[in-house]
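See structure below.
The values are calculated or read from the model by the stated rules, or taken from the named source; none is laboratory data. Because the structure is a prediction, the values reported are computed rather than measured. So basically every Cβ, Gly included, is an ideal-geometry build from the backbone, and we count neighbours across all protein chains shown. The accessibility values were calculated without ligands, DNA or RNA, using every heavy atom of the protein model including side chains. Shrake-Rupley method; radii C 1.70, N 1.55, O 1.52, S 1.80 Å.
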Amino acid sequence: MDYAKVFAKALEDIKREGRYRVFADIQRQRGRFPSAQYFTEGGTRPITVWCSNDYLCMGQNPSVLAAMHEAIDTAGAGSGGTRNISGTTHYHVELEQEIAELHGKEAALVFTSAYVANDTTLATLQKLLPGSIIFSDAKNHASMIAGIRNGGGKKVIWRNNDLADLEAKLAAAPADAPKIIAFESVYSMDGLVSPIGAICDLAKKYNALTYLDEVHAVGLYGPHGGGIAERDGVMDRVDIINGTLAKGFGVMGGYIAADRNLCDAIRSYAPGFIFTTSLVPAVAAGAVASIRHLKVSGVERARIQDRARLVKQQMREAGLPVMENPSHIVPLLVGDPVLTKKITDALLERFAIYVQPINYPTVARGTERLRITPTPHHSDEDIAHLVASLRTLWRELGLPFEREALAAE
């Protein structure tokens, strides 16, 4: 076996398809984000970041930074171990209390990432509920898919946000089988929002648990940042909420929030929790500060929605194929991996705009896109420059505009 040849061919295949991923070497500038420095062989130059998941710029918030500095000065750098062996610090205890309170649950459990939280929890639930069936939304994140597969149980996939399809599949399942409905509140690549209350109605009717991924909504929706479920007044009806500390809250880590016994069972049985070194204290402290800030401040939430509305409006007026949705995410459909990469390369090199191309397997082939994420700190001038740059590239590449009249202007 020529191992090197196998790896080289695998890379060549992905490059030929136009979906080889290149990391942009950037450095965020404290206090100036979304401005950043882009590092190249010829030196550095300023750019504007338009694809960050630090949606509310909480990674730059003074209270978050101060809490992290204080934790380093108080406790040092690392946590010192797994949660079972010396890695549960007071910072972790405070963080889990804050998360539980945010979601109106009895308890919460913090993981090193939301991916690990999803993978570990969904796999472990199947071990704790023998014979269970997981009803998974077709657009669920890779971490949820991994957890469902790793649990080894039966899965049924239902069409994205299609309540009739979900009910038909619930009704066809054995009445006495344990059931888990796994879905997201905001689907990150399309920006679509799920009907959480109606899904909870079906869960009650068919005696199923609900597992809701609020990763792209926590911090951003609801009067206290509890997500779409809080906004819609249905948090108490959702059995398990998964969230992240790395997007709306601007730090890193993931979690679940649920009743005390469920969290304790996952804590006690889940290898992905038991055998992993815990978050460093400074990260936990920063997350606590971020959650506390967003529980009482709605300024950031209002501003990001205003920015997202303006970006979408100006793109529509420019004839650009923005994919409509009710959330803060702005997907711009291209439909070809090579063209998507060509557009993002040109944005970076010619217009100092950083947007990462989104290709398969993140999205289905033929739906390749730019995923643009406005923040509260993007100015009107930033938005105008983004839209004008995209319009220029659309015309140069001969891509279709939404309204033919615009192409001739």
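For the chain, the longest principal axis of the C-alpha atoms and the axis of helix 196-205 are separated by about 30°.
The portion of the accessible surface of the chain made up by carbon and sulfur, rounded to a whole percent, is 55 (1.4 Å probe; DNA, RNA and ligands excluded).
Where Rh denotes the Kirkwood radius from the mean inverse Cα pair distance, what is Rg over Rh for the chain? Each step should come with its number before you reach the end.
Values: Rg = 22.0 Å, Rh = 22.5 Å.
That ratio equals 0.98.
Among the aspartates and glutamates, which have Cα under 12 Å from the Cα of Lys155 when same-chain residues fewer than 8 positions away are ignored? Lys155 reaches Asp137. Semi-axes of the equivalent ellipsoid of the range 304-389 are 20, 15, 11 Å, computed as sqrt(5λ) over the eigenvalues of the C-alpha gyration tensor in descending order.
Simple rule: put +1 on each Lys or Arg Cβ and -1 on each Asp or Glu Cβ in the chain, find the dipole, and look at Pro361, Met68, Ile26; the Cα lying farthest toward the positive end is Pro361. Projected onto its three principal axes, the C-alpha set of the range 1-54 covers 52, 26, 17 Å, listed from the longest axis down.
The order of the peptides 169-178, 244-253, 347-356 by mean Cβ neighbours within 10 Å, most packed first, is 244-253, 347-356, 169-178.
Straight-line cross-link reach from Lys5 at under 19 Å between alpha-carbon atoms covers these aspartates and glutamates, not counting any fewer than eight positions away in the same chain: Asp13, Glu17. To test your reading of the geometry: what angle, between 0 and 90 degrees and rounded to tens, separates the Cα axis of helix 281-296 from the longest principal axis of the chain? Compared with the principal axis, the helix lies near 80 degrees. Distance from the alpha carbon centroid of the range 99-119 to that of the range 216-254 works out to 10 angstrom. Over 22 Å between C-alpha atoms is what I'm after, so list which of Lys247/Lys342; Lys169/Lys247; Lys15/Lys342 land there. Listed pairs above 22 Å: Lys247/Lys342; Lys169/Lys247.
In this structure the chain gives 44 Å² per residue of accessible area when probed at 1.4 Å with all protein chains present.
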